[in-house]
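Visitor: Below: one structure in structure tokens.
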Amino acid sequence: MLRKTLARMTLGTAALAFSLGAWASSPSTIKIGTLYAGSGNFAQASTRQYDGLKFWAKQINAEGGLFVKAYGKRIPVQLVAYNDQSSTTLAASLYNRLITQDQVNILVADYGSVLTSVAIPLALEHHIVLFDETGTSGKFFKPEDKNRYIVLTGLPTSSQWPKVLANFLHTVGSKRIAILYAANDWSGSQAETLKTSLKALGANVVFYESVPNSTSSYSTILHRIAASKPEVVAEFGYSNNDIAFLQNYESSGLYFPMVFVPNPALHYEVVRKAVGDQAIRHVFSYVAPPLIRYNKEVNYGPTLDAFEAAYAKSGGKNVDLSTVAGYNTGLIVQKTLATSATFTQEAMRNAVDTFSGKIFTLDGLFQVNHEGAQTGESLPVGQVLPTPHGLQLLPVFPLKSAVAKYVYPTPGK
Amino acid sequence: MPKGWRSTTLIPVITLLAFAVLPHLYNNQFLLFNMMMYMALAQGLNIIYGYTGYLPFGYVGFFGAGAYGGALAITFLHWSPYLAVLAGGGAAVLLGMILIPLFRLSGAYFSIASLAAAEALYYVVANPGLEPLTQGPYGISLPQVYDPNGAYWTMLAILLFSLIISGVIRRSRFGLALSAIRESPLSASMSGVNVVKLRSISWLLSALIAGLAGAAFGWYISVFYPETVFGLGIGVFTIVFVLFGGIGTVLGPMIGTLILYGVYNYIGISTPEYFQLAYGLLIMILVLFLPNGLVSLARKRGLNVA
């Protein structure tokens, strides 16, 4: 009896000592390291994304910190952020600094594939999970690379984006499609997927060409596209490409029954203001939060409405997809640390798998595959249509997401 | 050993010691790697610009050619990264040979034509039609050879090679001939200097260094896009570093890179909002008060700068 009691006491003391040790070793703050582009090509989207992440950190700290399951308590968040000025060489050096000098607990990538690319080998080398916000290049998630240290928190890989669009074109019976794309990873992979998907659906791709990223005049190429007599023209490029394309199309006097460009989904107001209402009216695009609003489905974090209200109250500017992506990354980090039983990178990555497919945030369903690529979210097709509040990009396909009836063929100019 | 040669030997030795020890004291290896890369590029540019007076705005084209040359050797020929770095240097030399006719131009025309050539190469490499070869705009991924330590020591070897080449040229009859070309190609030619041959050799040496550096850079980061290695910023930085330190010397480009790249990283982190202002002011001061670079300060005091 005495021996049993002594054994229990010993075990109890050991457990107490162990748990006290665990408390004692918990960090005073959770360091989240990230980069943003304060200038250069990616500045606009990157700073918005960073604003979203900062807002999340501010909210979390106002609640007493991030709940870390491994330590059983809330710990304040400390954001460590550097400006990479849209330069990949500087970004690589700064990611290195975040990992080796600042010794951050969580590593969050900058905006887009180009600025994310240099973080991937570093994260792999140092065995730290990279929370990839918007780097959607398919080559980051190749099974043969066996890289478990990356998680795409938001958008699906870019090659998945046009799948709904291909179904939409099939549904409306478009048979002659012209595809024009800027020579970059993001645009090229969308164009390739659309071409492949359309061919599988029996459509005829009558025009398929690329242009340099810096293209600012589409007048000649628009006439060449017109010569192929397409029913649909899909142009994939960065914002500057879309804007120049729509401006040139508007002034060309040409007419295509449908025009699709991707960037209104990402920065609708920017594109609308640049090209004007007349040029953007009836244009098709993807639809992503905040233009598509997940409110009823959300089971983790605030709804989009609640987020927008809180963000505006804190003095934030208009919410766009980048802001949502930044905030959403914070939510995924939050869920990861609330789930991971130990405070190691391997445990965190495994924790992501345990809640993948089970949480729905303001950005959509969070679901990643074994390689960390986002598979839960999809991008519906939208169209810029007149509403009582002016022109808006509204979801029109698939029908379960639609809030308006699409207009196709679009009215002539 | 003559005094001039002594100082020329001392620079590579100090550089070797510094970059061999620094990783043990400072753990941001990539920053040190970048510093070495820009120092090597600055020496490479110095060979063609500092010694012969031809300023190629498109110097980054060699760097990109090297990065892609090395990557293709790894991807298609399954060469070890060390051999692939040499292949990158070879690719840049090949490009340099193709571009030798640019020397029919001079001054700003040569500078702009080299820039156009680098841009043309960028668009060729990024062309989706070349996806089976260069991966087009989708970029290169080399996770199978990722080895930052190997790439670091390789870059140090490239830097030492560039310093030795630059130092030897500066102290040799070859360098003297190049200086004559810089002052007046016509007079040099009339004095018996084979202008075309010597200028081409220095051009190809310059290309080789940039190509080796580009290949080592591509190996280090292992995932890159065409815009990453053909970005004009790399060329602009190199030119500014060389000008800041002082052209036509071995020490000048080293000091220029050390100070300006150091400032770039310090201000970029501490006060990024003032970075462009500070950098711009620094360059304005240089142009106004030190047009011959920092080494001119030493020369004014009668010091012989290596």
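The values are calculated or read from the model by the stated rules, or taken from the named source; none is laboratory data. As the structure is a prediction and not an experimental result, all values here were calculated from the model. Cβ atoms come from the backbone with ideal geometry, glycine included; neighbour counts cover every protein chain shown. To get the accessible areas, we keep the full protein, side chains included, count just its heavy atoms, and leave off ligands, DNA and RNA. Shrake-Rupley method; radii C 1.70, N 1.55, O 1.52, S 1.80 Å.
Visitor: Condition first: away from chain B (no Cβ under 14 Å), open to solvent by less than 10 Å² (accessible area, probe 1.4 Å) and part of a loop (DSSP other than H, G, I, E, B). Now tell me which residues in the stretch A:64-85 satisfy that.
Guide: Listed by number, the list holds a single entry, A:GLY65.
Visitor: Is it the case that A:SER216 is modelled with pLDDT under 95, within 28 Å of B:GLU227 (Cβ to Cβ) and more than 14 Å from every other protein chain (Cβ to nearest Cβ)?
Guide: Numbers: modelled with pLDDT under 95: yes; within 28 Å of B:GLU227 (Cβ to Cβ): yes; more than 14 Å from every other protein chain (Cβ to nearest Cβ): yes.
Considered against the rule, which asks whether it is modelled with pLDDT under 95, within 28 Å of B:GLU227 (Cβ to Cβ) and more than 14 Å from every other protein chain (Cβ to nearest Cβ), A:SER216 comes out as yes.
Visitor: Could you tell me which of the residues A:GLN44, A:GLN49 is touching a residue at least 60 places away in the same chain (Cβ under 8 Å), away from chain B (no Cβ under 14 Å), more than 14 Å from A:THR329 (Cα to Cα) and assigned to a helix (DSSP H, G or I)? It would help to see each step written out before you state the result.
Guide: Details: A:GLN49 fails: more than 14 Å from A:THR329 (Cα to Cα).
Going through A:GLN44, A:GLN49 in turn, just one is touching a residue at least 60 places away in the same chain (Cβ under 8 Å), away from chain B (no Cβ under 14 Å), more than 14 Å from A:THR329 (Cα to Cα) and assigned to a helix (DSSP H, G or I): A:GLN44.
Visitor: Follow-up. What number of residues within the stretch B:120-135 satisfy the criterion of being open to solvent by 50 Å² or more (accessible area, probe 1.4 Å) and within 17 Å of A:SER137 (Cα to Cα)?
Guide: The qualifying residues number 2.
Visitor: Tally the residues that are surrounded by 12 or more Cβ atoms within 10 Å (Cβ to Cβ) and modelled with pLDDT under 85, restricting the search to the stretch B:266-306. Quick ask: steps written out before the conclusion?
Guide: So the first thing to find is which residues in the stretch B:266-306 are surrounded by 12 or more Cβ atoms within 10 Å (Cβ to Cβ), and the list is B:266-269, B:271-272, B:274-276, B:278-279, B:282-283, B:286, B:290, B:292-299, B:305-306.
Cutting the leftovers down to modelled with pLDDT under 85 gives us B:266-269, B:271-272, B:274-276, B:278-279, B:282-283, B:286, B:298-299, B:305-306.
Qualifying residue count, the stretch B:266-306: 18.
Visitor: Regarding B:PHE63, is this residue within 14 Å of chain A (Cβ to nearest Cβ) and closer than 24 Å to B:ILE239 by Cα?
Guide: Numbers: within 14 Å of chain A (Cβ to nearest Cβ): yes; closer than 24 Å to B:ILE239 by Cα: yes.
In short, yes.
Visitor: Please state which one of A:LEU198, A:LEU152, A:LEU165 is modelled with pLDDT of 90 or more, crowded, with 22+ Cβ neighbours inside 10 Å and more than 26 Å from A:VAL324 (Cα to Cα). Even if it seems obvious, please write down each step before you answer.
Guide: Details: A:LEU152 fails: more than 26 Å from A:VAL324 (Cα to Cα); A:LEU165 fails: more than 26 Å from A:VAL324 (Cα to Cα).
Matching residue, one of A:LEU198, A:LEU152, A:LEU165: A:LEU198.
Visitor: Take the residues in the stretch B:1-53 that are hydroxyl-bearing (Ser, Thr, Tyr) and open to solvent by 20 Å² or more (accessible area, probe 1.4 Å), then tell me which one is nearest to the other protein chains (Cβ to nearest Cβ). It would help to see each step written out before you state the result.
Guide: Residues of the stretch B:1-53 hydroxyl-bearing (Ser, Thr, Tyr): B:7-9, B:15, B:26, B:38, B:49, B:51-52.
Remaining after also requiring open to solvent by 20 Å² or more (accessible area, probe 1.4 Å): B:7, B:9, B:26, B:49.
Values: B:SER7: 31, B:THR9: 31, B:TYR26: 8, B:TYR49: 21 Å.
Looking at the filtered set, the residue picked out is B:TYR26.
Visitor: Scanning for something under 21 Å from A:LEU155 (Cβ atoms), touching a residue at least 24 places away in the same chain (Cβ under 8 Å) and out of contact with any helix residue (DSSP H, G or I) (no Cβ under 9 Å at 6 or more places or on another chain), does the stretch A:252-274 turn up at least one residue?
Guide: Yes, there is a match, as at least one residue in the stretch A:252-274 is under 21 Å from A:LEU155 (Cβ atoms), touching a residue at least 24 places away in the same chain (Cβ under 8 Å) and out of contact with any helix residue (DSSP H, G or I) (no Cβ under 9 Å at 6 or more places or on another chain).
Visitor: For the stretch A:86-105, name all the residues that are open to solvent by 30 Å² or more (accessible area, probe 1.4 Å) and either modelled with pLDDT under 90 or within 7 Å of another protein chain (Cβ to nearest Cβ) (or both).
Guide: Across the stretch A:86-105, the qualifying residues are A:ARG97, A:GLN101.
Visitor: Filtering the stretch A:348-368 down to residues that are of a type in the set (Gly, Ala, Ser) and either in contact with a strand residue (DSSP E or B) (Cβ under 6 Å, 6 or more places away or on another chain) or buried (at least 18 other Cβ atoms within 10 Å of the Cβ) (or both), which residue is modelled with the lowest pLDDT? Show your work before the answer.
Guide: Initially, the stretch A:348-368 is screened for residues of a type in the set (Gly, Ala, Ser), giving A:351, A:356-357, A:364.
Keeping just the survivors that are either in contact with a strand residue (DSSP E or B) (Cβ under 6 Å, 6 or more places away or on another chain) or buried (at least 18 other Cβ atoms within 10 Å of the Cβ) (or both) gives A:351, A:356, A:364.
Working: A:ALA351: 97, A:SER356: 97, A:GLY364: 93.
This residue is A:GLY364.
Visitor: Can you name every residue in the stretch A:106-126 that is at pLDDT 95 or above, closer than 16 Å to B:ASN28 by Cα and assigned to a loop (DSSP other than H, G, I, E, B)?
Guide: none
Visitor: Can you name the residue in the stretch B:164-178 that is open to solvent by 20 Å² or more (accessible area, probe 1.4 Å) and under 21 Å from B:GLY192 (Cα atoms) and, of all such residues, is nearest to the chain's Cα centre (by Cα)?
Guide: From the stretch B:164-178, those open to solvent by 20 Å² or more (accessible area, probe 1.4 Å) are B:164-165, B:168, B:170-174, B:176; that's our starting set.
Next, only the ones that are under 21 Å from B:GLY192 (Cα atoms) stay: B:170-174, B:176.
Working: B:ARG170: 17, B:ARG171: 20, B:SER172: 21, B:ARG173: 23, B:PHE174: 20, B:LEU176: 21 Å.
Here the residue is B:ARG170.
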